[in-house]
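Let me begin by presenting the structure, written as structure tokens, before commenting on it.
The values are calculated or read from the model by the stated rules, or taken from the named source; none is laboratory data. Source: prediction; values computed, not measured. Every residue, glycine among them, receives a Cβ derived from its backbone with ideal geometry; neighbour counts consider all protein chains shown. Please note that ligands, DNA and RNA were not included when accessible areas were found on the heavy atoms of the full protein model with its side chains. Shrake-Rupley method; radii C 1.70, N 1.55, O 1.52, S 1.80 Å.
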Amino acid sequence: EARFNYRLTDAFRFRTELMFSQKGLRYRYDGDSFLDLTSDGGDLIPTTGNRKITMNVTNSYIDIPISVVIRPLEWLEFSAGPNIGFLVSSSAAGELIYSGESFTGSPVEEFSVTLDYNFISDQNGDANFNNPTEISVDGKSVTIPSSFGAYYDFTREDGNFYNALDIGLNAGVHLYLNGSLFVAGRLNYGLLDATNNNYDFSLVSLDEDGNRISRSDTDRNLSF
């Protein structure tokens with residue numbers, strides 16, 4: 001962290017900071033879903049079933065908070081103001097477990113896939129086929145990758161899954177133990193949707209034409 005202070009009085013000043021921060025989340029899903037499988041011969045096999053996802057996401061930002069600072073006491077300081085964040089890395093790791101049946105009623109045996117996502121660099125269809133899982137659906141052989149990339153399960157649209165810019169508000173308190181040592185707490189609340197709406201789809205079902213159902217979720221960063 002680097003900071004610049006402009007002091008108006010002993011009790012009132014402006015502050016700009018340059019910070020590297022990591023903001024993460026734990027994502028869980030367990031319920032009805034769907035998955036399109038591709039046979040080794042290239043045939044598409046739509047299936048429905050149960051999908052379980054456990055995933056930890058880590059996003060790294062360069063944050064630039066701009067604060068109004070009030071210092072009513074020598075050892076106590078309050079700050080608040082806007083924050084601008086620039087996403088510099090975005091990754092996730094977890095596991096997908098799926099089982100179900102094809103549209104013809106052929107069972108899909110339960111299998112698991114490691115989720116190894118880099119939301120910035122991964123491309124359409126990225127997967128690792130080292131030590132794959134072999135299953136049979138509708139009498140056809142299907143090879144399941146050992147791990148999926150971030151955009152394996154759907155066509156990548158323009159941009160990344162997480163938006164590059166985040167604008168929010170921050171508020172903090174500092175307790176000064178001496179002239180150079182302090183403890184502090186800061187709350188940052190994002191005002192913008194952190195995710196790209198091109199990737200907001202329902203995991204539960206498809207529409208009558210077999211297309212994904214778009215959603216308009218608003219996912220905000222909230223960190224302390």
Checking the condition open to solvent by less than 20 Å² (accessible area, probe 1.4 Å) and basic (Lys, Arg), which residue from ARG71, ARG3, ARG15 passes? ARG15
Do the conditions hold for SER214, that is, is it within 30 Å of SER79 (Cα to Cα) and out of contact with any Cys (no Cβ under 7 Å at 6 or more places or on another chain)? no
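Residues checked against (1) within 30 Å of ILE66 (Cβ to Cβ); (2) among the polar types (S, T, N, Q):
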{"residue": "ASP138", "(1), (2)": "no, no"}
{"residue": "ILE144", "(1), (2)": "no, no"}
{"residue": "GLY159", "(1), (2)": "yes, no"}
{"residue": "TYR199", "(1), (2)": "no, no"}
{"residue": "ASP207", "(1), (2)": "no, no"}
{"residue": "ASN221", "(1), (2)": "yes, yes"}
{"residue": "PHE224", "(1), (2)": "yes, no"}
When you scan region 210-219, do you find a residue that is at pLDDT below 95, exposed (fewer than 14 other Cβ atoms within 10 Å of the Cβ) and not in a loop (DSSP other than H, G, I, E, B), even just one? yes
Search result, residues across region 181-202 that are open to solvent by 40 Å² or more (accessible area, probe 1.4 Å) and either without any contact (Cβ under 8 Å) to a residue 24 or more places away in the chain or in a strand (DSSP E or B) (or both): LEU181, PHE182, VAL183, ALA184, ARG186, LEU187, TYR189, ASN197, PHE201
For a quick check of your reading: which strands (runs of 3 or more DSSP E) sit entirely within region 131-180 and have at least 3 residues that are out of contact with any helix residue (DSSP H, G or I) (no Cβ under 7 Å at 6 or more places or on another chain), at pLDDT 95 or above and open to solvent by 60 Å² or more (accessible area, probe 1.4 Å)? 165-176
Among (1) within 30 Å of PRO82 (Cβ to Cβ); (2) in a strand (DSSP E or B), where does ASP116 come up short? (1)
Picked from region 30-71 (must be assigned to a loop (DSSP other than H, G, I, E, B) and in contact (Cβ under 8 Å) with a residue 12 or more places away in the chain), the residue nearest to THR143 (Cα to Cα) is ASP40
For GLY49, state whether it is open to solvent by less than 60 Å² (accessible area, probe 1.4 Å) and out of contact with any strand residue (DSSP E or B) (no Cβ under 7 Å at 6 or more places or on another chain). no
May I ask you to say which residue of PHE103, PHE119, PHE86 is out of contact with any His (no Cβ under 6 Å at 6 or more places or on another chain), surrounded by 16 or more Cβ atoms within 10 Å (Cβ to Cβ) and aromatic (Phe, Trp, Tyr)? PHE119
What number goes with the only condition from (1) more than 27 Å from ARG215 (Cα to Cα); (2) in contact (Cβ under 8 Å) with a residue 12 or more places away in the chain; (3) in a strand (DSSP E or B); (4) open to solvent by 70 Å² or more (accessible area, probe 1.4 Å) that GLU95 does not pass? (1)
Criterion first (within 30 Å of ASP193 (Cβ to Cβ) and at pLDDT below 95) does SER60 satisfy it? no
